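Please read the structure below before turning to the comments.
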Amino acid sequence: MKLLSTILLFCVLGASVKELRPQATPRAEVKPDVTNNALLTKATPSTRTIKAGDPTALRKLAQDYYDWRNENYPVASSDSGLHTWDDRLTDFSAAKIAERAKHVRTLLDQVRGMSTSEWSKDDRIDWLLFRSQLEGADFSDRVLRFEQTNPQVYVGECSNAIFSLLKKEYDTPAQRAVAATSRLKLMPAMLAEGEKNLQKPVKLYAQLAITSARSIDPLLNDSMMTLAPDLTPAERDALVNARDEALAAIHGFADRLEKRLPSMVDFAPMGVANYNYYLKHVLLLPLDAAQVEMLGRAELARYRALESLLRDPSLADPDPARSKNIPPDQASFLTAYESREQEMINFLKERQLITLPDYLGRFEIRELPEAFKPTSPGGFMNPPGLYDNDPTGFYFIPTYNRESKNFYIRAAIEDPRPILGHEGIPGHFLQLSIANHLPNEIRRQNQDGVFVEGWALYGEEMLMRTGLYPENSAAQGQILRLSRYRSARVGVDVNLQTGKWTFEQAVQYFMEAGGLDRESAEGEAAGAASSPTQKIWYITGKWQIMNLLGKYRDKIGANFRLGQFHDALVSTGSLPLSVVEWIMLDDPSTLQEALRP
């Protein structure tokens, strides 16, 4: 799954989805003023230093940063359920981009300079989390610099500007339509700024942006116009005129990109040094690129072998022909898909595998908007937003076609439960709903993708191991294939981003090693190129959770209960698992390894 409604939406949120700057040269690394031992252990009187701040100051800095970020990225705010600036787009002028980068760098230096050795364990964890959030934002500004190389950021701003107003009924249709009009009017100027910024656009990214731009019409012509019935004639005319001008600007943007394609630079990797910096400073992983790649190879070998050990290995390749009921149309498909959730909930409750909170909302299946198909061929999850009053979550799945070769469509027809378990309950929808209710704002704001995707992938196999699916069933085959291709993702991400593989090699590897069709493989490779490290989250996170589960059981002993472990794990939010291990086991050794210079 792709967590956000586009791979571009939260490029400023620290430890969330990030984009690539080809041929980037990072600044020299600025090391924190504390070593791993000083961070994780109390100081003795002889080693005390003058504090550069205290936990109260840290939390004030963090809240001010979140407020600043939300106002500076209004479309991302709307998508998160904060609708204060629904009439704005992000300011992509060169001056504003530089100003935002300077603000993040100044704040990061200030946080790095804090002396935390005398703080409590919880306060030191919060300091470390906020620092990693800022590291992620700074990495995006300093190394990736996507505004200069990737046209998707501007097309994505247009599609999400409207999509974020449509997906939930947070206000009257008329009020949302008026906000849409304001945003549409700003799009031509925003796209013009984007063209100024794109001094060295990357050909692959431009091709994806062109496809998205030319697929945006249904979003603006059909979906958006459902907001219009209650408008006055003057308001409707304003909306239609703004829409037509915005569409002309978007298509013109795509046309000019297409003319420039022959002169554009090819995709270039971020390089080993940058990749390892991100693993260590943003994701707080105790692994480097080579170790992550080896983990992917080991897991790939395991799941290919487990497929082969099925009584019928072909069960790992979804086949709608094996299904007793093939939906006749899109509406029937979505209804049948969603209906399987209740039996999964009943299973979780009967086995006491996890506690479902009272505030949990509905989880719905919807059709994937055309504009998001180029980089999200399998669909994406849209959980309740961080500021959302509406607890509903959605999973957007590609348009139904009973003859489709798309893995996700075929899997959903034959048995949707494995994907439902990942996207819904107990997967993303449940976990992120719980994370949104944390009282600690720094932890609530943390969106560590390794934890989020690791939990969802772990949940797939956990449901199989605890008995939801019969032996040698299509669902069991899917579980193995899904882990197999998530394992293949690791090799693609690491080797593509460190410069060992070309884009075509990545596509071929997805097909041969991961068992994907070409359509899905090309989309997966495009996602790996556009969102460095995102493809490693699944297997790396699952491996860390499995490791933590074994340690937790050994510590608890005879009183161990699996549901208790799950409740404790998801109660921490979406934090790096090296931090979670320190919280749950009071063992900082994994985090110390992640922080080792």
Just to be sure before I move on: is Gly477 under 23 Å from Met546 (Cβ atoms), part of a helix (DSSP H, G or I) and not basic (Lys, Arg) in the structure I sent?
yes
Would you point out which residue out of Gln431, Gln505 is over 21 Å from Val292 (Cβ atoms) and either without any contact (Cβ under 8 Å) to a residue 60 or more places away in the chain or in a helix (DSSP H, G or I) (or both)?
Gln431
If you go through region 522-543 one residue at a time, do you hit one that is modelled with pLDDT under 90, more than 25 Å from Asp448 (Cβ to Cβ) and assigned to a loop (DSSP other than H, G, I, E, B)?
no
List pairs: first in region 179-208 and in contact (Cβ under 8 Å) with a residue 60 or more places away in the chain, second among the basic types (Lys, Arg), Cβ under 8 Å, 6+ apart or cross-chain?
Ser182/Arg88; Arg183/Arg88; Leu184/Arg243; Leu186/Arg88; Glu195/Arg256; Pro201/Arg260
Determine the pairs where a residue that is more than 16 Å from Glu367 (Cα to Cα), located within region 209-222, has a partner that is surrounded by fewer than 18 Cβ atoms within 10 Å (Cβ to Cβ) and of a type in the set (A, V, I, L, M) with Cβ atoms under 9 Å apart, the partner being 6 or more residues away or on another chain.
Ile210/Leu261
Using the structure shown, decide if Leu360 is within 30 Å of Trp582 (Cβ to Cβ), in contact (Cβ under 8 Å) with a residue 60 or more places away in the chain and either crowded, with 22+ Cβ neighbours inside 10 Å or not aliphatic (A, V, I, L, M) (or both).
no
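Quick one: in region 258-273, of everything that is surrounded by fewer than 23 Cβ atoms within 10 Å (Cβ to Cβ) and within 27 Å of the chain's Cα centre (by Cα), which residue is farthest from Gln207 (Cα to Cα)?
Here the answer is Ala273.
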Of the residues in region 71-99, those that are part of a helix (DSSP H, G or I), surrounded by 13 or more Cβ atoms within 10 Å (Cβ to Cβ) and in contact (Cβ under 8 Å) with a residue 40 or more places away in the chain come to Asn72, Val75, Ala76, Ser77, Ser78, Asp79, Ile97
I'm trying to understand the selection: among the residues of region 318-361, which are assigned to a helix (DSSP H, G or I) and of a type in the set (D, E, K, R)?
Arg322, Glu338, Glu341, Glu343, Lys349, Glu350
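The values are calculated or read from the model by the stated rules, or taken from the named source; none is laboratory data. Treat the numbers as computed from the prediction; the structure is a model and nothing was measured. All Cβ positions, glycine included, derive from the backbone under ideal geometry; neighbour counts span all protein chains shown.
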